[in-house]
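The values are calculated or read from the model by the stated rules, or taken from the named source; none is laboratory data. Source: prediction; values computed, not measured. Counting neighbours? That spans all protein chains shown, and the Cβs are built from the backbone with ideal geometry, glycine included. When the accessible area is computed, the model is the full protein with side chains, heavy atoms only, and any ligands, DNA or RNA have been set aside. Shrake-Rupley method; radii C 1.70, N 1.55, O 1.52, S 1.80 Å.
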Amino acid sequence: MTQVLDFVPIWTLICGMAVFFYVLLDGFDLGVGMLFGLAPDASSRNAIMNTIAPIWDGNETWLILGGLGLLAAFPLAFAIIIPAMYFPILVMLLALIFRGVAFEFRLRDAENKTFWDRAFCYGSAIGTFAQGMVLGNFIRGFQVSGEQFAGTSFDFVNPFALFTGIALMFGYGLLGAGWLILKTEGSIQAAARRHGRICLIAVLVAIGAISLWTPFMSEEIATRWFAWPNIAFFSPVPIATVVIALFTWRALDSNSEVIPFVGAMGLFVVSYVAIVISLYPMIVPHHFTLWQAASSERTQAFLLIGTLVLLPVILMYTGWSYWVFRGKVRSDIGYD
Amino acid sequence: LRTAESVSPSLTSLDVAISLAGYMLVYLLIYPFGLFLMLRIIRKGPEHSDERASRIESAHRPEPALAGALDLAKGETR
(Lines give C-alpha, C1' and ligand atoms only; values in the text may rest on other atoms or scores of the structure.)
Protein backbone atom coordinates (compact mmCIF):
# COMPACT_ATOMS: atom_id res chain seq x y z
CA MET A 1 0.00 0.00 0.00
CA THR A 2 1.40 3.35 -0.94
CA GLN A 3 1.42 5.95 1.74
CA VAL A 4 -1.21 8.56 1.07
CA LEU A 5 -1.09 10.40 4.34
CA ASP A 6 1.20 10.36 7.34
CA PHE A 7 -1.02 10.12 10.42
CA VAL A 8 1.77 10.46 12.96
CA PRO A 9 1.83 14.30 12.96
CA ILE A 10 -1.96 14.36 13.36
CA TRP A 11 -1.86 12.00 16.34
CA THR A 12 1.08 13.90 17.78
CA LEU A 13 -1.01 17.03 17.60
CA ILE A 14 -4.07 15.36 19.17
CA CYS A 15 -2.13 13.77 22.05
CA GLY A 16 0.01 16.85 22.54
CA MET A 17 -3.04 19.07 22.63
CA ALA A 18 -4.91 16.78 25.00
CA VAL A 19 -2.00 16.68 27.45
CA PHE A 20 -1.58 20.43 27.25
CA PHE A 21 -5.29 21.13 27.79
CA TYR A 22 -5.19 18.76 30.72
CA VAL A 23 -2.23 20.57 32.27
CA LEU A 24 -3.86 23.98 31.82
CA LEU A 25 -7.38 23.04 32.89
CA ASP A 26 -6.89 20.47 35.61
CA GLY A 27 -3.78 22.48 36.48
CA PHE A 28 -5.81 25.44 37.64
CA ASP A 29 -8.36 23.38 39.52
CA LEU A 30 -5.64 21.35 41.27
CA GLY A 31 -3.99 24.67 42.09
CA VAL A 32 -7.28 25.97 43.47
CA GLY A 33 -7.45 22.78 45.54
CA MET A 34 -4.05 23.50 47.08
CA LEU A 35 -4.87 27.18 47.76
CA PHE A 36 -8.15 26.00 49.33
CA GLY A 37 -6.07 24.68 52.21
CA LEU A 38 -4.93 28.23 52.96
CA ALA A 39 -8.44 29.73 53.09
CA PRO A 40 -9.15 31.26 56.51
CA ASP A 41 -12.89 30.60 57.02
CA ALA A 42 -15.90 28.57 55.96
CA SER A 43 -17.39 31.19 53.64
CA SER A 44 -14.17 31.63 51.65
CA ARG A 45 -13.72 27.85 51.54
CA ASN A 46 -17.21 27.48 50.07
CA ALA A 47 -16.65 30.28 47.57
CA ILE A 48 -13.33 28.78 46.44
CA MET A 49 -14.99 25.40 46.05
CA ASN A 50 -17.81 26.96 44.01
CA THR A 51 -15.35 28.44 41.51
CA ILE A 52 -14.39 24.98 40.27
CA ALA A 53 -17.30 22.72 41.29
CA PRO A 54 -19.14 22.90 37.94
CA ILE A 55 -16.10 22.29 35.73
CA TRP A 56 -13.38 20.33 37.51
CA ASP A 57 -14.43 16.85 36.39
CA GLY A 58 -14.77 17.90 32.76
CA ASN A 59 -11.16 19.04 32.92
CA GLU A 60 -10.04 15.48 33.58
CA THR A 61 -11.49 14.38 30.24
CA TRP A 62 -8.24 15.54 28.68
CA LEU A 63 -6.13 13.25 30.84
CA ILE A 64 -8.12 10.27 29.61
CA LEU A 65 -7.91 11.44 26.00
CA GLY A 66 -4.15 11.99 26.29
CA GLY A 67 -3.55 8.65 28.01
CA LEU A 68 -5.72 6.61 25.67
CA GLY A 69 -4.38 8.49 22.65
CA LEU A 70 -0.90 7.46 23.73
CA LEU A 71 -2.03 3.83 24.16
CA ALA A 72 -3.77 3.67 20.79
CA ALA A 73 -1.51 5.79 18.60
CA PHE A 74 1.90 5.28 20.24
CA PRO A 75 1.66 1.86 21.95
CA LEU A 76 5.42 1.43 22.26
CA ALA A 77 5.71 4.68 24.21
CA PHE A 78 2.78 3.66 26.41
CA ALA A 79 4.37 0.26 27.12
CA ILE A 80 7.58 1.91 28.34
CA ILE A 81 6.35 5.06 30.07
CA ILE A 82 3.41 3.64 32.03
CA PRO A 83 5.29 0.75 33.75
CA ALA A 84 8.18 3.12 34.48
CA MET A 85 5.75 5.57 36.08
CA TYR A 86 3.68 2.90 37.84
CA PHE A 87 3.82 4.37 41.34
CA PRO A 88 3.60 8.08 40.51
CA ILE A 89 0.53 7.38 38.38
CA LEU A 90 -0.99 5.13 41.07
CA VAL A 91 -0.45 7.80 43.71
CA MET A 92 -1.88 10.43 41.40
CA LEU A 93 -5.03 8.39 40.78
CA LEU A 94 -5.57 7.63 44.47
CA ALA A 95 -5.06 11.32 45.30
CA LEU A 96 -7.57 12.31 42.62
CA ILE A 97 -10.12 9.83 44.02
CA PHE A 98 -9.82 11.52 47.42
CA ARG A 99 -10.12 14.91 45.88
CA GLY A 100 -13.14 13.99 43.77
CA VAL A 101 -15.00 12.42 46.68
CA ALA A 102 -14.16 15.43 48.86
CA PHE A 103 -16.33 17.61 46.60
CA GLU A 104 -19.40 15.58 47.57
CA PHE A 105 -18.59 14.71 51.16
CA ARG A 106 -17.47 18.10 52.44
CA LEU A 107 -20.78 19.65 51.36
CA ARG A 108 -22.60 17.56 53.96
CA ASP A 109 -20.89 19.67 56.60
CA ALA A 110 -19.64 22.72 54.75
CA GLU A 111 -19.72 24.99 57.82
CA ASN A 112 -16.93 23.15 59.57
CA LYS A 113 -13.44 22.26 58.48
CA THR A 114 -13.79 18.51 58.24
CA PHE A 115 -11.54 15.64 57.25
CA TRP A 116 -12.74 16.09 53.66
CA ASP A 117 -11.60 19.71 53.50
CA ARG A 118 -8.14 18.48 54.31
CA ALA A 119 -8.52 15.56 51.89
CA PHE A 120 -9.36 18.02 49.13
CA CYS A 121 -6.25 20.11 49.75
CA TYR A 122 -3.80 17.26 50.29
CA GLY A 123 -5.30 15.20 47.46
CA SER A 124 -4.73 18.13 45.10
CA ALA A 125 -1.18 18.66 46.36
CA ILE A 126 -0.17 14.99 46.17
CA GLY A 127 -1.77 14.53 42.74
CA THR A 128 0.11 17.56 41.44
CA PHE A 129 3.39 16.43 42.95
CA ALA A 130 2.98 12.99 41.32
CA GLN A 131 2.28 14.59 37.94
CA GLY A 132 5.38 16.74 38.30
CA MET A 133 7.43 13.62 39.03
CA VAL A 134 6.08 11.98 35.86
CA LEU A 135 7.10 15.07 33.90
CA GLY A 136 10.58 15.11 35.44
CA ASN A 137 11.18 11.45 34.75
CA PHE A 138 9.88 11.82 31.21
CA ILE A 139 12.36 14.63 30.48
CA ARG A 140 15.16 12.74 32.21
CA GLY A 141 14.50 9.61 30.16
CA PHE A 142 13.87 5.97 31.04
CA GLN A 143 16.11 2.93 31.13
CA VAL A 144 15.17 0.89 28.07
CA SER A 145 16.37 -2.40 26.65
CA GLY A 146 14.89 -3.62 23.41
CA GLU A 147 11.33 -2.40 23.44
CA GLN A 148 10.78 -2.65 27.17
CA PHE A 149 11.30 -0.59 30.27
CA ALA A 150 14.40 -2.08 31.91
CA GLY A 151 14.50 -0.26 35.25
CA THR A 152 12.52 -0.93 38.42
CA SER A 153 9.24 0.52 39.62
CA PHE A 154 11.13 2.64 42.15
CA ASP A 155 13.39 4.41 39.64
CA PHE A 156 10.98 7.33 39.67
CA VAL A 157 12.66 8.66 42.83
CA ASN A 158 15.49 10.96 41.76
CA PRO A 159 16.48 14.55 42.58
CA PHE A 160 15.38 15.96 39.24
CA ALA A 161 11.90 14.43 39.45
CA LEU A 162 11.50 15.53 43.08
CA PHE A 163 12.39 19.03 41.95
CA THR A 164 9.94 19.05 39.03
CA GLY A 165 7.26 17.67 41.37
CA ILE A 166 7.63 20.63 43.71
CA ALA A 167 7.97 23.02 40.76
CA LEU A 168 4.66 21.85 39.31
CA MET A 169 2.93 22.44 42.66
CA PHE A 170 3.92 26.11 42.43
CA GLY A 171 3.03 26.17 38.73
CA TYR A 172 -0.49 24.87 39.36
CA GLY A 173 -0.68 27.15 42.40
CA LEU A 174 -0.02 30.09 40.09
CA LEU A 175 -2.72 28.95 37.65
CA GLY A 176 -5.13 28.41 40.56
CA ALA A 177 -4.40 31.87 41.95
CA GLY A 178 -5.05 33.35 38.50
CA TRP A 179 -8.38 31.53 38.35
CA LEU A 180 -9.40 32.70 41.83
CA ILE A 181 -8.54 36.32 40.93
CA LEU A 182 -10.80 35.92 37.90
CA LYS A 183 -13.69 34.31 39.76
CA THR A 184 -13.76 35.92 43.20
CA GLU A 185 -13.82 39.33 44.85
CA GLY A 186 -12.70 41.06 48.01
CA SER A 187 -10.54 39.30 50.55
CA ILE A 188 -10.41 35.98 48.66
CA GLN A 189 -9.10 37.77 45.58
CA ALA A 190 -6.57 39.72 47.64
CA ALA A 191 -5.29 36.48 49.17
CA ALA A 192 -5.09 34.90 45.70
CA ARG A 193 -2.96 37.84 44.49
CA ARG A 194 -0.63 37.35 47.46
CA HIS A 195 -0.35 33.60 46.87
CA GLY A 196 0.03 34.19 43.14
CA ARG A 197 3.06 36.41 43.70
CA ILE A 198 4.76 33.79 45.86
CA CYS A 199 3.99 31.08 43.31
CA LEU A 200 5.24 33.23 40.42
CA ILE A 201 8.61 33.78 42.09
CA ALA A 202 8.92 30.05 42.79
CA VAL A 203 7.89 29.18 39.22
CA LEU A 204 10.51 31.52 37.75
CA VAL A 205 13.20 30.05 39.99
CA ALA A 206 12.09 26.57 38.90
CA ILE A 207 12.04 27.45 35.20
CA GLY A 208 15.54 28.90 35.53
CA ALA A 209 16.86 25.91 37.45
CA ILE A 210 15.34 23.37 35.04
CA SER A 211 16.67 25.32 32.03
CA LEU A 212 20.18 25.05 33.50
CA TRP A 213 19.77 21.50 34.80
CA THR A 214 18.51 19.78 31.63
CA PRO A 215 21.41 20.76 29.29
CA PHE A 216 23.83 19.38 31.90
CA MET A 217 21.77 16.21 32.16
CA SER A 218 21.54 15.56 28.43
CA GLU A 219 24.01 16.49 25.74
CA GLU A 220 21.28 16.20 23.10
CA ILE A 221 19.25 18.91 24.81
CA ALA A 222 22.34 21.11 25.17
CA THR A 223 23.21 20.85 21.45
CA ARG A 224 19.58 21.34 20.47
CA TRP A 225 19.46 24.70 22.25
CA PHE A 226 22.99 26.09 22.11
CA ALA A 227 24.37 24.99 18.73
CA TRP A 228 24.37 27.65 16.02
CA PRO A 229 21.93 28.52 14.38
CA ASN A 230 19.44 26.95 16.78
CA ILE A 231 20.27 29.41 19.51
CA ALA A 232 19.11 32.23 17.25
CA PHE A 233 15.86 30.47 16.35
CA PHE A 234 15.05 29.47 19.90
CA SER A 235 16.13 32.58 21.78
CA PRO A 236 12.59 34.08 21.51
CA VAL A 237 11.42 31.37 23.93
CA PRO A 238 13.44 32.52 26.96
CA ILE A 239 12.84 36.16 25.99
CA ALA A 240 9.08 35.54 25.83
CA THR A 241 9.27 33.83 29.22
CA VAL A 242 10.84 36.89 30.80
CA VAL A 243 8.34 39.25 29.15
CA ILE A 244 5.32 37.17 30.21
CA ALA A 245 6.70 36.88 33.74
CA LEU A 246 7.04 40.67 33.99
CA PHE A 247 3.49 41.21 32.71
CA THR A 248 2.10 38.63 35.11
CA TRP A 249 3.93 40.19 38.03
CA ARG A 250 2.58 43.66 37.20
CA ALA A 251 -0.94 42.28 36.69
CA LEU A 252 -0.83 40.56 40.08
CA ASP A 253 0.00 43.93 41.62
CA SER A 254 -2.64 45.88 39.66
CA ASN A 255 -6.44 45.69 39.54
CA SER A 256 -6.46 43.44 36.49
CA GLU A 257 -8.60 40.35 36.99
CA VAL A 258 -7.90 38.57 33.71
CA ILE A 259 -4.21 39.12 32.98
CA PRO A 260 -2.82 37.10 35.92
CA PHE A 261 -4.60 33.97 34.67
CA VAL A 262 -3.67 34.65 31.03
CA GLY A 263 -0.06 35.28 32.08
CA ALA A 264 0.07 32.04 34.08
CA MET A 265 -1.23 30.15 31.05
CA GLY A 266 1.36 31.96 28.92
CA LEU A 267 4.15 30.69 31.17
CA PHE A 268 2.83 27.15 30.72
CA VAL A 269 2.74 27.65 26.94
CA VAL A 270 6.39 28.73 26.76
CA SER A 271 7.46 25.93 29.12
CA TYR A 272 5.61 23.39 26.99
CA VAL A 273 7.18 24.79 23.82
CA ALA A 274 10.60 24.54 25.50
CA ILE A 275 10.00 20.87 26.35
CA VAL A 276 8.91 20.18 22.76
CA ILE A 277 12.04 21.91 21.43
CA SER A 278 14.21 19.90 23.81
CA LEU A 279 12.76 16.49 23.05
CA TYR A 280 11.14 16.49 19.58
CA PRO A 281 10.83 14.09 17.79
CA MET A 282 11.38 11.65 20.67
CA ILE A 283 8.34 10.27 22.48
CA VAL A 284 10.51 8.03 24.65
CA PRO A 285 13.41 10.45 25.16
CA HIS A 286 16.81 9.10 23.98
CA HIS A 287 15.22 5.91 22.60
CA PHE A 288 12.22 6.10 20.28
CA THR A 289 10.83 8.74 17.97
CA LEU A 290 7.14 9.36 17.46
CA TRP A 291 7.33 7.45 14.18
CA GLN A 292 9.09 4.45 15.75
CA ALA A 293 6.55 4.25 18.56
CA ALA A 294 3.50 4.69 16.34
CA SER A 295 0.88 2.00 15.80
CA SER A 296 0.17 0.83 12.27
CA GLU A 297 -1.14 3.29 9.76
CA ARG A 298 -4.45 1.45 9.52
CA THR A 299 -4.96 1.60 13.28
CA GLN A 300 -4.20 5.30 13.34
CA ALA A 301 -6.52 5.98 10.41
CA PHE A 302 -9.35 3.94 11.97
CA LEU A 303 -9.04 5.69 15.34
CA LEU A 304 -8.84 9.08 13.72
CA ILE A 305 -12.37 8.77 12.31
CA GLY A 306 -13.96 8.51 15.75
CA THR A 307 -11.64 11.02 17.32
CA LEU A 308 -12.32 13.69 14.72
CA VAL A 309 -16.05 13.38 15.42
CA LEU A 310 -15.59 13.40 19.21
CA LEU A 311 -13.04 16.20 19.55
CA PRO A 312 -15.30 19.03 18.34
CA VAL A 313 -18.08 17.70 20.57
CA ILE A 314 -15.80 17.73 23.62
CA LEU A 315 -14.52 21.19 22.76
CA MET A 316 -18.05 22.48 22.32
CA TYR A 317 -19.49 21.18 25.57
CA THR A 318 -16.38 22.27 27.45
CA GLY A 319 -16.68 25.77 26.01
CA TRP A 320 -20.41 25.76 26.76
CA SER A 321 -19.97 24.80 30.41
CA TYR A 322 -17.38 27.53 30.95
CA TRP A 323 -19.77 29.98 29.29
CA VAL A 324 -22.73 28.93 31.45
CA PHE A 325 -20.71 29.27 34.64
CA ARG A 326 -18.93 32.50 33.70
CA GLY A 327 -18.71 35.44 36.08
CA LYS A 328 -17.99 35.81 39.77
CA VAL A 329 -19.04 33.24 42.34
CA ARG A 330 -20.36 33.70 45.84
CA SER A 331 -20.14 31.41 48.82
CA ASP A 332 -23.91 31.13 49.42
CA ILE A 333 -25.08 30.11 45.96
CA GLY A 334 -23.68 27.02 44.42
CA TYR A 335 -23.79 23.43 43.66
CA ASP A 336 -25.18 20.93 46.14
CA LEU B 1 -0.04 -13.90 23.99
CA ARG B 2 -0.96 -15.21 27.42
CA THR B 3 -1.62 -12.82 30.28
CA ALA B 4 1.53 -14.01 32.07
CA GLU B 5 3.62 -13.24 28.99
CA SER B 6 2.32 -9.70 28.63
CA VAL B 7 3.15 -8.53 32.15
CA SER B 8 5.51 -5.55 32.25
CA PRO B 9 8.97 -6.94 33.13
CA SER B 10 9.59 -4.20 35.68
CA LEU B 11 6.44 -5.01 37.62
CA THR B 12 7.08 -7.26 40.63
CA SER B 13 4.41 -8.93 42.73
CA LEU B 14 5.40 -6.62 45.58
CA ASP B 15 4.54 -3.62 43.38
CA VAL B 16 1.16 -5.11 42.57
CA ALA B 17 0.51 -5.96 46.22
CA ILE B 18 1.34 -2.39 47.26
CA SER B 19 -0.97 -0.88 44.67
CA LEU B 20 -3.80 -3.28 45.51
CA ALA B 21 -3.42 -2.42 49.19
CA GLY B 22 -3.52 1.28 48.24
CA TYR B 23 -6.81 0.90 46.39
CA MET B 24 -8.29 -1.22 49.18
CA LEU B 25 -7.31 1.34 51.79
CA VAL B 26 -8.85 4.21 49.85
CA TYR B 27 -12.11 2.40 49.14
CA LEU B 28 -12.35 1.01 52.67
CA LEU B 29 -12.14 4.57 53.92
CA ILE B 30 -14.50 6.15 51.40
CA TYR B 31 -17.40 3.67 51.48
CA PRO B 32 -17.95 3.56 55.25
CA PHE B 33 -17.58 7.33 55.33
CA GLY B 34 -20.21 7.74 52.63
CA LEU B 35 -22.51 5.38 54.50
CA PHE B 36 -21.95 7.31 57.71
CA LEU B 37 -22.81 10.61 56.00
CA MET B 38 -25.96 9.15 54.43
CA LEU B 39 -27.10 7.69 57.76
CA ARG B 40 -26.56 11.06 59.40
CA ILE B 41 -28.71 12.76 56.76
CA ILE B 42 -31.45 10.17 57.33
CA ARG B 43 -31.23 10.55 61.10
CA LYS B 44 -31.59 14.31 60.82
CA GLY B 45 -34.74 13.82 58.76
CA PRO B 46 -36.22 16.26 56.25
CA GLU B 47 -35.76 19.95 56.91
CA HIS B 48 -38.82 21.68 58.33
CA SER B 49 -37.93 25.32 57.82
CA ASP B 50 -39.45 26.96 54.76
CA GLU B 51 -36.37 29.04 54.27
CA ARG B 52 -34.60 26.46 52.20
CA ALA B 53 -37.64 25.58 50.11
CA SER B 54 -38.33 29.20 49.28
CA ARG B 55 -34.71 29.68 48.29
CA ILE B 56 -34.89 26.81 45.84
CA GLU B 57 -38.21 28.02 44.47
CA SER B 58 -36.93 31.53 43.91
CA ALA B 59 -33.93 30.12 42.09
CA HIS B 60 -36.25 28.20 39.77
CA ARG B 61 -38.62 31.01 38.87
CA PRO B 62 -39.34 30.76 35.15
CA GLU B 63 -37.50 33.27 33.02
CA PRO B 64 -39.59 35.95 31.27
CA ALA B 65 -38.69 34.41 27.92
CA LEU B 66 -39.89 31.01 29.09
CA ALA B 67 -43.07 32.51 30.55
CA GLY B 68 -43.88 33.90 27.11
CA ALA B 69 -43.36 30.51 25.54
CA LEU B 70 -45.61 28.93 28.17
CA ASP B 71 -48.36 31.42 27.37
CA LEU B 72 -48.00 30.65 23.70
CA ALA B 73 -48.26 26.97 24.41
CA LYS B 74 -51.52 27.59 26.25
CA GLY B 75 -52.82 29.40 23.19
CA GLU B 76 -52.67 32.86 24.70
CA THR B 77 -51.12 35.76 22.87
CA ARG B 78 -49.77 38.94 24.32
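Conditions tested, residue by residue: (1) facing another protein chain (nearest Cβ under 7 Å); (2) surrounded by 13 or more Cβ atoms within 10 Å (Cβ to Cβ).
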position: B:Thr3; (1), (2): no, no
position: B:Ser13; (1), (2): no, no
position: B:Ile18; (1), (2): no, yes
position: B:Leu25; (1), (2): no, no
position: B:Leu28; (1), (2): no, no
position: B:Phe33; (1), (2): yes, yes
position: B:Phe36; (1), (2): no, no
position: B:Leu39; (1), (2): no, no
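Take A:Ala47 and tell me if it is touching a residue at least 60 places away in the same chain (Cβ under 8 Å) and either open to solvent by 40 Å² or more (accessible area, probe 1.4 Å) or among the aliphatic types (A, V, I, L, M) (or both).
Answer is yes for this residue.
Which pairs have Cβ atoms under 8 Å, sit 6 or more apart or on different chains, and link a residue in segment A:188-199 that is of a type in the set (Gly, Ala, Ser) to one that is in a helix (DSSP H, G or I) and surrounded by fewer than 23 Cβ atoms within 10 Å (Cβ to Cβ)?
A:Ala191/A:Ser44
Suppose the filter is more than 14 Å from every other protein chain (Cβ to nearest Cβ), open to solvent by less than 10 Å² (accessible area, probe 1.4 Å), modelled with pLDDT under 95 and part of a helix (DSSP H, G or I); does A:Ile231 pass it?
So A:Ile231 does not fit the description; no.
Do we find a residue being at pLDDT below 85, open to solvent by less than 100 Å² (accessible area, probe 1.4 Å) and at the interface with chain A (Cβ under 10 Å from one of its Cβ atoms) anywhere in segment B:49-61?
yes
Quick check on this structure: which one of A:Pro238, A:Pro260, A:Pro312 is assigned to a helix (DSSP H, G or I) and farther than 22 Å from A:Gly132 by Cβ?
Within the list A:Pro238, A:Pro260, A:Pro312, the selection yields A:Pro312.
Output the residues belonging to segment A:50-88 that are among the hydrophobic types (A, V, I, L, M, F, W, C), within 14 Å of chain B (Cβ to nearest Cβ) and either more than 18 Å from the chain's Cα centre (by Cα) or buried (at least 18 other Cβ atoms within 10 Å of the Cβ) (or both).
A:Leu71, A:Leu76, A:Ala77, A:Phe78, A:Ala79, A:Ile80, A:Ile81, A:Ala84, A:Met85, A:Phe87
Taking the condition more than 13 Å from every other protein chain (Cβ to nearest Cβ), in a helix (DSSP H, G or I) and more than 30 Å from A:Gln300 (Cβ to Cβ), does A:Ala102 pass?
It is false that A:Ala102 is more than 13 Å from every other protein chain (Cβ to nearest Cβ), in a helix (DSSP H, G or I) and more than 30 Å from A:Gln300 (Cβ to Cβ).
Given the residues A:Phe142, A:Phe216, which is the only one that is within 14 Å of another protein chain (Cβ to nearest Cβ) and either within 23 Å of the chain's Cα centre (by Cα) or modelled with pLDDT under 95 (or both)?
Unique residue meeting the criteria: A:Phe142.
So which residues in segment A:280-336 are in contact (Cβ under 8 Å) with a residue 12 or more places away in the chain, open to solvent by 60 Å² or more (accessible area, probe 1.4 Å) and closer than 19 Å to A:Val19 by Cα, if there are any at all?
If the condition is that a residue be in contact (Cβ under 8 Å) with a residue 12 or more places away in the chain, open to solvent by 60 Å² or more (accessible area, probe 1.4 Å) and closer than 19 Å to A:Val19 by Cα, then A:Trp291, A:Tyr317 are the ones that fit.
Considering only segment A:136-162, state which residues are open to solvent by 60 Å² or more (accessible area, probe 1.4 Å) and closer than 24 Å to A:Gly37 by Cβ.
Of everything in segment A:136-162, just one residue is open to solvent by 60 Å² or more (accessible area, probe 1.4 Å) and closer than 24 Å to A:Gly37 by Cβ, namely A:Leu162.
Against the condition within 22 Å of the chain's Cα centre (by Cα), of a type outside the set (Phe, Trp, Tyr) and closer than 25 Å to A:Glu185 by Cβ, how does A:Pro260 come out, does it pass?
Yes, satisfied.
How about segment A:158-171: which of its residues are part of a loop (DSSP other than H, G, I, E, B) and either within 14 Å of chain B (Cβ to nearest Cβ) or of a type in the set (Gly, Ala, Ser) (or both)?
Once the filter is applied, which keeps residues that are part of a loop (DSSP other than H, G, I, E, B) and either within 14 Å of chain B (Cβ to nearest Cβ) or of a type in the set (Gly, Ala, Ser) (or both), segment A:158-171 yields nothing.
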